[in-house]
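Student: Next up is a structure, given as structure tokens.
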């Protein structure tokens, strides 16, 4: 299979100059902004319908939960739809559906009576909007490689990932905060304005997709159009599990997301072991995502000519090593530095993995592969967060005794040791599965990269 070339200095500018991708990037930014605003607005709107703090908490958490469920239930099937139908139509129809659904939530507050009915409709609309998002995302991911040269795919993925996890969450939070300052008109309050604005982002996205990016439409007949959905789903799984590259990518990504989930799930308890509280937790959380952003933006430059398959596996192992170091770090300054490294490794691995899928997976199964990978990664992340937070809360700190001496070891640190070891192990397994430079020692490749840096 073809190797992914390292982007030149002008790669980002070259990608932005491509009109079809530039317009798709605009669409993606609008859709991502809408997703974050929808998460904030629908949850806050539902909570605002109730007066008790317990009811508000249940409504807020419930709407968040139902927005996560579609990715776990319908993710793989969404990939079949992305491979089966024209991608431009699929994305435009999904955006129109999200426009109508998010606009209906504040309307329900005006037309319906009773908090239960309003919260119920908000949850149902949010769930349905996420179903549409699950169809939109694989179609977009599968279409990107058809719009740009292969040697610019990594730069394109840098832009889209940075937009998703760095730019639009901040813009959504600022927009939501600004809209909350607006005065209410009748039964429409500030959260209603936020949801109407959110709906308009999806309408704008649909218009740009339909009229501005005709290149998104299919490139000939795909195999999924001739198959029963069940057989198409099974064919996608066989392709994913039977290809060494994809098998290695899946193993590595699941290990990386599992480790990240353990960090998120135990960070509050780990902060206590450092002698801190909520502020320490916030610093660790921010450091993880800051490192992720650095991994996406600076990872390719640091990797240089290193094979992207090796970059992926080594990034997973780097993150695992940093997690293990967290387990034995006594001070916050060292922990923040290590959390940055964990995030950096995860970001570099995620970018490399998405780029490899886009460059080396055939167009007729690409949507299913993206959907499988995204769904399983999110499921592992949620499972790791919930399981680790439950485990770390079961007991107090353990003690290791050496004669008359005892060393307190927090349960969060024990979990970090296990998660770090798992990350190193899955990185090594991924490297064996997908290595494209067999016979060339990894140390030799790394020395070559370091010499270029020197």
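Matching residues to (1) in the same structural domain as residue 365 (by TED's automatic domain parsing); (2) touching a helix residue (DSSP H, G or I) at 6+ places or on another chain (Cβ under 7 Å); (3) modelled with pLDDT of 65 or more:
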| residue | (1), (2), (3) |
| --- | --- |
| 4 | no, yes, no |
| 52 | no, no, yes |
| 67 | no, yes, no |
| 71 | no, yes, yes |
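Student: Can you tell me which residue among 431, 450, 417 is closer than 29 Å to residue 270 by Cβ, surrounded by fewer than 18 Cβ atoms within 10 Å (Cβ to Cβ) and in the same structural domain as residue 329 (by TED's automatic domain parsing)?
Tutor: Exactly one residue qualifies, and that residue is 417.
Student: Hey, any hits in segment 268-287 for a residue that's under 15 Å from residue 419 (Cα atoms), in contact (Cβ under 8 Å) with a residue 60 or more places away in the chain, in contact with a helix residue (DSSP H, G or I) (Cβ under 8 Å, 6 or more places away or on another chain) and buried (at least 24 other Cβ atoms within 10 Å of the Cβ)?
Tutor: yes
Student: Let me ask you something else. Mind telling me which of the residues 198, 151 ends up being in the same structural domain as residue 27 (by TED's automatic domain parsing), assigned to a helix (DSSP H, G or I), more than 18 Å from the chain's Cα centre (by Cα) and farther than 24 Å from residue 103 by Cβ?
Tutor: Result: 151 is the single residue among 198, 151 that is in the same structural domain as residue 27 (by TED's automatic domain parsing), assigned to a helix (DSSP H, G or I), more than 18 Å from the chain's Cα centre (by Cα) and farther than 24 Å from residue 103 by Cβ.
Residue-by-condition table, conditions (1) touching a strand residue (DSSP E or B) at 6+ places or on another chain (Cβ under 7 Å); (2) surrounded by fewer than 19 Cβ atoms within 10 Å (Cβ to Cβ); (3) farther than 30 Å from residue 349 by Cβ; (4) modelled with pLDDT of 85 or more:
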position: 101; (1), (2), (3), (4): no, no, yes, yes
position: 105; (1), (2), (3), (4): no, no, yes, yes
position: 128; (1), (2), (3), (4): no, yes, yes, yes
position: 167; (1), (2), (3), (4): no, yes, no, no
position: 171; (1), (2), (3), (4): no, yes, no, no
position: 191; (1), (2), (3), (4): no, no, yes, no
position: 196; (1), (2), (3), (4): no, yes, yes, yes
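Student: Okay, moving on. Could you grab me the full set of residues in segment 319-335 that are in contact (Cβ under 8 Å) with a residue 60 or more places away in the chain, over 17 Å from the mean Cα position of the chain (by Cα) and not in a loop (DSSP other than H, G, I, E, B)?
Tutor: Across segment 319-335, the qualifying residues are 320, 321, 322, 323, 324, 325, 326, 335.
Student: Determine, yes or no, whether residue 40 is surrounded by fewer than 20 Cβ atoms within 10 Å (Cβ to Cβ) and either within 30 Å of residue 373 (Cα to Cα) or at pLDDT 75 or above (or both).
Tutor: Taking the combined requirement at face value, the residue does not satisfy it.
Student: Return yes when residue 346 is within 25 Å of the chain's Cα centre (by Cα) and modelled with pLDDT under 85 and no when it is not.
Tutor: Taking the combined requirement at face value, the residue does not satisfy it.
Student: Pull up segment 437-447, narrow it to residues that are surrounded by 13 or more Cβ atoms within 10 Å (Cβ to Cβ) and over 20 Å from residue 321 (Cα atoms), then point me to the one that is nearest to the chain's Cα centre (by Cα).
Tutor: Result: 437.
Student: Restricting to segment 246-282, name every residue that is over 20 Å from the mean Cα position of the chain (by Cα) and assigned to a helix (DSSP H, G or I).
Tutor: 268, 269, 270, 271, 272, 273, 278, 279, 280, 281
Student: Another question about this same structure. Test residue 311 against the criterion of being touching a helix residue (DSSP H, G or I) at 6+ places or on another chain (Cβ under 9 Å), free of Cβ contacts under 8 Å to residues at least 60 places away in the same chain and either assigned by TED's automatic domain parsing to the domain that holds residue 159 or not in a helix (DSSP H, G or I) (or both), and give yes or no.
Tutor: no
Student: Residue check, residue 114 against (1) modelled with pLDDT under 85; (2) under 30 Å from residue 359 (Cα atoms), all met but one. Which one?
Tutor: Result: residue 114 fails condition (2) only.
The values are calculated or read from the model by the stated rules, or taken from the named source; none is laboratory data. Only a predicted model underlies this, so the values are computations on that prediction, with no experimental measurement involved. Cβ coordinates were reconstructed from backbone atoms using ideal geometry, including for glycine residues, and neighbour counts include every protein chain displayed.
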